[in-house]
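The values are calculated or read from the model by the stated rules, or taken from the named source; none is laboratory data. It should be emphasised that the depicted structure is a prediction, and the values quoted were computed from it without experimental measurement. We place every Cβ from the backbone using ideal geometry, glycine too, and count neighbours over all the protein chains shown. Ligands, DNA and RNA are stripped out before the accessible areas are found, and what is left, the full protein with its side chains, is counted by its heavy atoms. Shrake-Rupley method; radii C 1.70, N 1.55, O 1.52, S 1.80 Å.
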Amino acid sequence: MPDIESLLKEKRVFKPDPAFTKNANWNKKTVAEYRKLGAKNPERFWAKMAKEHLTWFTPWKKTLQWKPPFAKWFVGGKLNVSYNCLDRHLEGEGAWRKNKAAIIWEGEPGDTRVITYAELHREVCKFANVLKGQGVKKGDRVVLYMPMVPELAIAMLACTRIGAPHSIVFGGFSADALRDRIDDVGAKIVITADGGYRKGAPFPLKKAVDDALANHEVVDRVVVVRRTGQDVSMVEGRDQWWHELMADASPKCAPAKLDAEHPLFILYTSGSTGKPKGILHTTGGYLTQVVTTTKAIFDLKDSDVYWCTADIGWITGHSYVIYGPLACGATTLMYEGVPVHPGPDRWWSLIAKWGVTVFYTAPTAIRTFIRLGDEHPKKHDLSSLRLLGSVGEPINPEAWIWYHKIIGGKKCPIVDTWWQTETGGVMITPLPGAVDTKPGSATLPFPGIDAEVYTEEGDPTKPPGGGLLVVRKPWPGMLRGIWGDPQRFKEQYWSQYKDTYFAGDGAHRDKQGYFWIMGRIDDVMNISGHRIGTMEVESALVSHSSVAEAAVVGRPDDITGTAIVAFVSPTGGTDAGDELKQTLRAHVSKEIGAIARPAEIRFTDALPKTRSGKIMRRLLRDIASGKESKGDTSTLEDFSVLAKLRESDET
Ligand code: PRX
C-alpha cells in the first residue's frame, strides 16, 4: 500500500498534448458530453455504446434489469462474441481487415506467427467444430490451461462461438489448484499444451493436467497443443492432439445467437477465504464495456500495433489482450515468455521490432526495469510508442515519471487504469485526449461509472478525503455472480453497504476529486499485480503435517509491491530450521503455484490473538514490515507473544 502522505505531496500535472487531443477517438467535447449523459442516465449512455460498438443479431428490449445485487443488461438482446471479434471484420464495411494482422505472436525462443483476421476466423471455426465433435454443447464449461500461444486465443474464441463458457487457469498454477478449479466449475473438457517456454527452457503443463485428472470422473476429454515437443504421456481414449483433430475439422461454423446474459467465462480470483471464487461474466454487457473502454482509453486506431503484456490467465489478458482489441478490429501482440529473456531488453526489442504504438503493462514490471538500468530501453528505438498504460496495482510517482521519460520519450500520455476481475473492464482512468494526469492517480471514473469514496458508515466523503472505494450503480461489465455461490456473492460485495458494490480497496480523493487508489483493505494481497488471499496461503501451509498454525500477511516490497510473509508455528517447535522453511515454500508452490510462495517464513511458538481467538493481522503486518505497532493491542491475549515475534526475524 503506497504511503498516502508521499502520494499526496505529488503536485505535478500533465496536460494532454493538443496534437494528441486533435486526433483522439474521444476528444474533450466527446468526453464532456459522455460524462454528462453517463451521470444523468448511465443506461442510456451504455445503450448508445452497445449500439455503436457492437453488432447484435437481435436488439434488446430492456437496457437494464436491476434487482440488487443481480443485474441483467440488454435483456432480450442476442449476439456472439466471436462474431463481433472476427466475422464483422471480414464482411461489409470491415471487409478490408480480412488480411490485417489480428494477432502478432512471438514465442520466447524468437519464433513468430502473424495471424490475419481471415486466418483467425478459420482456425476459430475449425476449433469450434472440434469442440462440438468432442461433445461440448452450449453451456458446457471448458477449462483452458495453456501457455501464451495463439491456440489459447483460438480456443477462447471457439468457446464463445458455440456458447461454451471458458474458464482459463493461469499456467503458473499447480496441479492441485487446477483440479480445484476444474471441480468447482464442473468442466467437461480441458484444453492444454505439452508445455511452453519460460526463462529459456520448456516448462511442462500436460503433466499437471494428468495429476489433476488422476481418478477424475467428470473430465473425459483432453486436447493437447504441441508447443515444445517435450515428452508427454497421452491417455488413450481421453487425450488427443490439437493438430490431429484440427486436420479434419471443417472451417465453417455459424456463430451461436446467444442471449446477452449467456455466461461468457468464469475466472477464479482470490478472496478473503481459503477458497478462490469463480467470477462469472456474461456476454453482452461485458463485451460492451471492454470494447468501449479499449477504444476510448487506448485510443485504438486501425494503424496501431497494440501490446498488453498481461498473461491471458488473468482478467487483464481476457479483456485487453483478446476481447477488447479484437472487437475493435485492432492488431494485438502476444508474447509467450518472460520480460528478461534472453536479456533485460527483450520487451524493448519487441517494441522496436514490431513498431508497437500502444503499450499496457504493470507497475511491478516498470519497477523491475528501473532497477535493471536505463541502458536497456535506450538501446532500442521506442519512437513508435504513442500511448502507455498501467494496471494491477498503484503506480508510485517515481515509476510513473520513469515510464513517462524513459519509455514514453516524454511524449506519450499515461493511462493508469483501476479495475478488477469483478468489474470486467476499466472503471477509473484518464481519457488520454481529455484528462490531465497526475503521477500516481487513476484520475476519474469512466463515463457511466458511478464510483465514490465512502466512510465506513456509508456516507460519501467530500474531497479531499479518504475512505472505501464503492460503485453505486450497476455497470455492464460487472460480475453477475460467484459461480455456484450466490450467498457468497451477496456477502462479499453487497453486504457492506446497501445495494452498493464494495470493491475491497481504499481510496483517497484530492481537492479536484481525483482518485488515488490506496490498495486492498481486506485480506487479499497484491503480489506483482496478482491477487493472492492470505487465507489461501494459510490453508496451504497448515495442510503440511509439520505446521500447527500459520498466519500470512503482506509487507511492502520495492519490486513486487507486496511480499508474502508467513508466521508459522511448527508442530515440532521453533528450532525447525531452514530445511523446513524450504520444504514449506515448496509445499505452497505445489498447493497453489509459485506466485504464492512466501518470500519469508518466520517460526513462532504462538500467534497474537484477540481474546475471542482472532489472529491480529494488523500487528503481524507491522512486525513483518519492521514497524512499531501503533494500533490498539488491548485485546491481545498474550503480550509476550508480540515480543517473541519481533525476535523471530528471518535469519
Ligand atoms: O487493489 C486493486 C488493484 O488490483 C485489484 C484487482 O486485482 P485483479 O482482480 O487481479 O485485477 C487486476 C487487473 C485489473 C484491485 O482491487 N489495482 C488494479 N488496478 C489498479 C489497482 N490499484 C491501484 N491502481 C490501479 N490502477
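So here's what we get for this one:
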read-out: Accessible surface, the stretch 58-201, averaged per residue in Å² (probe 1.4 Å); value: 33 Å²
read-out: Inter-probe distance in nm under a simple model that places probes 7 Å from Cα toward Cβ, at K511 and N27; value: 3.1 nm
read-out: Tally of Lys pairs whose C-alpha atoms are under 19 Å apart, taken over the stretch 526-650, 8 or more apart or cross-chain; value: 9
read-out: Cα gyration tensor, the stretch 278-380 - rounded (a/c under 1.5), prolate or oblate; value: prolate
read-out: HN-Hα J in Hz across the stretch 564-572 - Karplus 6.51, -1.76, 1.60, θ = phi - 60°, x for Gly and Pro; value: 8, 10, 10, 9, 10, 9, x, 4, x
read-out: Signed unit charges on C-beta, dipole axis of the chain, positive-most listed residue S272, V218, S167; value: S167
read-out: Whole-percent carbon and sulfur share, accessible surface of the stretch 245-377, 1.4 Å; value: 58 percent
read-out: Probe 1.4 Å, protein heavy atoms only - accessible area per residue of the stretch 231-304 in square angstrom; value: 36 Å²
read-out: The stretch 246-285 shape via C-alpha gyration tensor axes, a/c threshold 1.5; value: oblate
read-out: Residues of the stretch 526-650: accessible area per residue with a 1.4 Å probe, Å²; value: 45 Å²
read-out: Mean-position separation - Cα centroids, the stretch 228-274 and the stretch 127-171, in angstrom; value: 3 Å
read-out: Orientation-averaged projected area, Cα convex hull of the chain (nm²); value: 28.0 nm²
read-out: Fraction of beta bridges assigned by DSSP in the stretch 118-256 that are antiparallel (%, nearest 5); value: 20 percent
read-out: Kirkwood hydrodynamic radius of the stretch 1-146, from inverse mean 1/r over distinct Cα pairs, in Å; value: 20.3 Å
read-out: Calculated P(r) tail over 26 Å for the stretch 118-256, as whole % of Cα pairs; value: 16 percent
read-out: The stretch 9-66, accessible surface, carbon-and-sulfur percent (1.4 angstrom probe); value: 54 percent
read-out: Fraction of beta bridges assigned by DSSP in the chain that are antiparallel (%, nearest 5); value: 60 percent
read-out: Whole-percent carbon and sulfur share, accessible surface of the stretch 526-650, 1.4 Å; value: 48 percent
read-out: Set of aspartates and glutamates with alpha-carbon distance to K61 below 15 Å, sequence-local pairs under 8 removed; value: E43, D259, E261
read-out: Cα centroid of the stretch 339-363 to Cα centroid of the stretch 395-411, whole Å; value: 15 Å
read-out: Computed E for S545/D183 - FRET, C-beta separation, R0 41 angstrom, nearest 0.05; value: 0.95
read-out: Label-point gap, in nm, between K67 and H341 - each point 7 angstrom along Cα→Cβ; value: 5.0 nm
read-out: Peptides ranked, highest mean first, by Cβ atoms within 10 Å: ranges 562-569, 309-316, 335-342; value: 562-569, 309-316, 335-342
read-out: When each of K78/K498; K295/K473; K78/K206; K22/K379; K48/K511 is checked by Cα-Cα distance, pairs over 28 Å; value: K78/K498; K78/K206; K22/K379; K48/K511
read-out: Distant alpha-carbon pairs in the stretch 360-490 (separation over 23 angstrom), percent; value: 44 percent
read-out: For the stretch 482-549 versus the stretch 286-302, the gap between their alpha-carbon centres in whole angstrom; value: 27 Å
